[in-house]
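To start, the structure under review is shown below, and the notes come after it.
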Amino acid sequence: TDPCYEEGGAPRGCIPGLVNAALGREVLVSNTCGRPATWACDSSDLMRAHPPALLTLAGGSTSSVCWRSEVLHRVPLNVTLTVPLGKAFELVFVSLRFCSAPPASVALLKSQDHGHSWTPLGFFSSHCSLDYGRPPASSDGPAGPGPEALCFPAPQAHSDGGGLMAFSVQDGSPPGLDLDSSPVLQDWLTATDIRILLTRPSMPGDTKDLDAIVPYSYSATELQVGGRCKCNGHASRCLLDTQGHLICDCRHGTEGPDCGRCKPFYCDRPWQRATAREAHACLACSCNGHARRCRFNMELYRLSGRRSGGVCLNCRHNTAGRHCHYCREGFYRDPDRALNDRRACRACDCHPVGAAGKTCNQTTGQCPCKDGVTGLTCNRCAPGFQQSRSPVAPCVKTP
Amino acid sequence: DVMPTLDMALFDWTDYEDLKPEV
C-alpha cells in the first residue's frame, strides 16, 4: 500500500520517516590533524588517522577513533564542520559527541541554498554575551512570535572526558506553532546543509582570557542530523536518481526534488503543501484525452470558485475549447461517439454548390443551405424544387 | 421520398468559372 493514498485511492498527506541525514555524508572540515604527521596523528596511516569521515560512519564510532583537529596554539581557534545533506530536510535535532572535553563555545548554523548563505540555529556557550552578544536562553524558549536562534549552556563534560552537544529544533521555536499552518516554522526546520563552528575550547576554570589558552585540539564523533527528507507532504520516501542525487519519490501529481511543483499536465489548481487534513494533490487538467499540455489561469480559477483553472493547450483531433470539449470550426460533434473518442468530431463536409458556407452547426452538423436545398450537407433539392444548371441557385422551384 | 443528390455534371460553370470547386 502507498502511504500517500487511502485504500480507496483518495490522496492523503504523507511524509518520509525520520532518518539521520548526515549518515554516510562527507563532512567538510576546516582542520584535521595528521598533515604533517605527528606522534599522535598521521593521516597517511590508517591506524593513526583521524579523518572527518569518522564523524558520519554507519553504525557510529568509538571514542578511540574520532575525528581530531590539529593541535591549536593561537586565536582564533575556529574549526568548522560542514555537512551537505544533498537536498532539503526538515530538521528535528542535531547532535555531536565530543571525544575530549567539549568546547566552551559552539555555533550551529544551517543553509537552505546548498551552502550559499547561512543562518544560525542556535549557540552553545558558557559566556553567551561575550561570545555571541546575546543573552542566555530563558527556560521558556523564544519570546518572539517566531523561532529564533538562542544561546544555550555549553555542552557539559562527562566523567569519561567527552561530552554531547544536542540541539532540538523545538528549543528555538515557541510552543504552539503548527507545522501545517506555519510557513515560518516550515522555514525554520528546512535545511540543505548543517555547519558547526567550534569557536572556543574549554579551559581549566573556564577562563575568558584568550591569551591564556594552552595547546588544544578538538575531537568528535557521531555527528547526527535527525530529520525528514523534505517532500512537502507529497512523498513517503526519498530515492537516489540516476545521477546519484537524493530526491523525493513524488506522488499527488507533483515533481521536483522536494515535490515543490505540479507536474506539467497537473495544473488545474495551484501547487500547495499537503497537510494532515488535506492532501492538496495537483489535479490533471480536464482535456478529454485530446491534449497533452495545459496551463494554469488564476482568473479562471477564481471565477470557478477555486475549483479549476487549467486551460488545455493544442487540442488535437479537431477539438477546441478550454477543455477540448467542443469541435473546431468546420467540424461537428458525432453524437454516436464519446467526447473522448479520437473521432468525436466529424468534418462538416458541406456541399460545394448546395451549401452557402463551409462551417456547419457544431452540435447538429447542419450546413447552411442555399434556397431550395436541403440535407445535412446541403446536397439535395428540397421537396418542390429541382436541380438547375446554375451553381449559384442549384435548386429552383418545380414548375 | 428522398430527393437525388445534386449532380455536379449538370451545372453549367460558363459564367461562374471562379466558383467552380476543385474535384
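The values are calculated or read from the model by the stated rules, or taken from the named source; none is laboratory data. As the structure is a computational prediction, the values presented were derived from the model and not from experiment. Note: ideal-geometry Cβ built from the backbone for every residue, glycine included; neighbour counts use all protein chains shown.
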- Task: Filter the range A:228-259 for residues that are out of contact with any Pro (no Cβ under 6 Å at 6 or more places or on another chain), charged (D, E, K, R) and at pLDDT 95 or above and give the result.
- Result: A:Lys230, A:Asp249, A:Arg251, A:Glu255, A:Asp258
- Message: So, in the range A:225-247, how many residues would count as being surrounded by fewer than 21 Cβ atoms within 10 Å (Cβ to Cβ) and within 19 Å of A:Thr82 (Cα to Cα)?
- Response: 4
- Task: Test A:Asp180 against the criterion of being under 24 Å from A:Ala22 (Cβ atoms) and among the acidic types (Asp, Glu), and give yes or no.
- Result: no
- Item | Single residue of the range A:172-221 satisfying the filter (small (Gly, Ala, Ser) and at pLDDT 85 or above) that is farthest from the chain's Cα centre (by Cα) | A:Ser217
- Query: What about A:Gly309, is it within 30 Å of A:Cys14 (Cα to Cα) and either crowded, with 18+ Cβ neighbours inside 10 Å or under 24 Å from the mean Cα position of the chain (by Cα) (or both)?
  - Reply: yes
- Task: Looking only at the range A:112-138, count how many residues are surrounded by fewer than 19 Cβ atoms within 10 Å (Cβ to Cβ) and within 27 Å of the chain's Cα centre (by Cα).
- Result: 9
- Per the filter on the range A:282-300, residues within 20 Å of A:Ala338 (Cβ to Cβ) and charged (D, E, K, R) are A:Arg292
- Task: Can you confirm whether the range A:45-65 contains a residue that is in contact with a strand residue (DSSP E or B) (Cβ under 6 Å, 6 or more places away or on another chain), modelled with pLDDT under 90, closer than 23 Å to A:Ala191 by Cα and surrounded by fewer than 16 Cβ atoms within 10 Å (Cβ to Cβ)?
- Result: yes
- Note on the structure: Going through (1) touching a Leu at 6+ places or on another chain (Cβ under 9 Å); (2) closer than 22 Å to A:Asp187 by Cβ one by one, A:Pro136 fails only at (2)
- Message: Looking at A:Phe167 and the list (1) closer than 23 Å to A:Cys229 by Cα; (2) assigned to a loop (DSSP other than H, G, I, E, B), which single condition is not satisfied?
- Response: (2)
- Take the range A:369-399 and flag every residue that is surrounded by 15 or more Cβ atoms within 10 Å (Cβ to Cβ), part of a loop (DSSP other than H, G, I, E, B) and among the hydrophobic types (A, V, I, L, M, F, W, C). A:Leu376, A:Cys378, A:Ala382
- For the range A:333-354, state whether one or more residues are within 11 Å of chain B (Cβ to nearest Cβ), closer than 16 Å to B:Leu6 by Cβ, among the aliphatic types (A, V, I, L, M) and not in a loop (DSSP other than H, G, I, E, B). no
- Of all residues in the range A:139-162, which are within 18 Å of A:Trp188 (Cβ to Cβ), in contact with a strand residue (DSSP E or B) (Cβ under 7 Å, 6 or more places away or on another chain) and crowded, with 19+ Cβ neighbours inside 10 Å? A:Ala149, A:Leu150, A:Cys151, A:Phe152
- Sole exception among (1) within 28 Å of A:His317 (Cα to Cα); (2) assigned to a strand (DSSP E or B) for A:Arg228, by number: (1)
- Selection status of A:Gly289, more than 16 Å from the chain's Cα centre (by Cα) and at pLDDT 95 or above: yes
- Message: So, in the range A:245-261, exactly how many residues are touching a residue at least 24 places away in the same chain (Cβ under 8 Å) and in contact with a Phe, Trp or Tyr (Cβ under 6 Å, 6 or more places away or on another chain)?
- Response: 1
- Item | Selection from the range B:9-23 of residues that are more than 7 Å from chain A (Cβ to nearest Cβ) and either assigned to a loop (DSSP other than H, G, I, E, B) or surrounded by 11 or more Cβ atoms within 10 Å (Cβ to Cβ) (or both) | B:Thr14, B:Asp15, B:Lys20, B:Glu22, B:Val23
- Item | From A:Asp193, A:Asp187, A:Asp140, residue being out of contact with any helix residue (DSSP H, G or I) (no Cβ under 6 Å at 6 or more places or on another chain) and part of a helix (DSSP H, G or I) | A:Asp187
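Looking at the range A:122-137, which of its residues are free of Cβ contacts under 8 Å to residues at least 60 places away in the same chain and either in contact with a Pro (Cβ under 8 Å, 6 or more places away or on another chain) or in a strand (DSSP E or B) (or both)? Spell out how you get there, then give the answer.
Keep residues of the range A:122-137 that are free of Cβ contacts under 8 Å to residues at least 60 places away in the same chain, which gives A:122-124, A:128-129, A:132-137.
Selection gives A:Gly122, A:Phe123, A:Phe124, A:Cys128, A:Ser129, A:Pro136.
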- Task: Say whether the condition of being within 14 Å of chain B (Cβ to nearest Cβ), small (Gly, Ala, Ser) and in a loop (DSSP other than H, G, I, E, B) is met by at least one residue in the range A:323-332.
- Result: no
- Note on the structure: Inside the range A:326-345, the number of residues satisfying the requirement of being of a type outside the set (A, V, I, L, M) and crowded, with 18+ Cβ neighbours inside 10 Å is 6
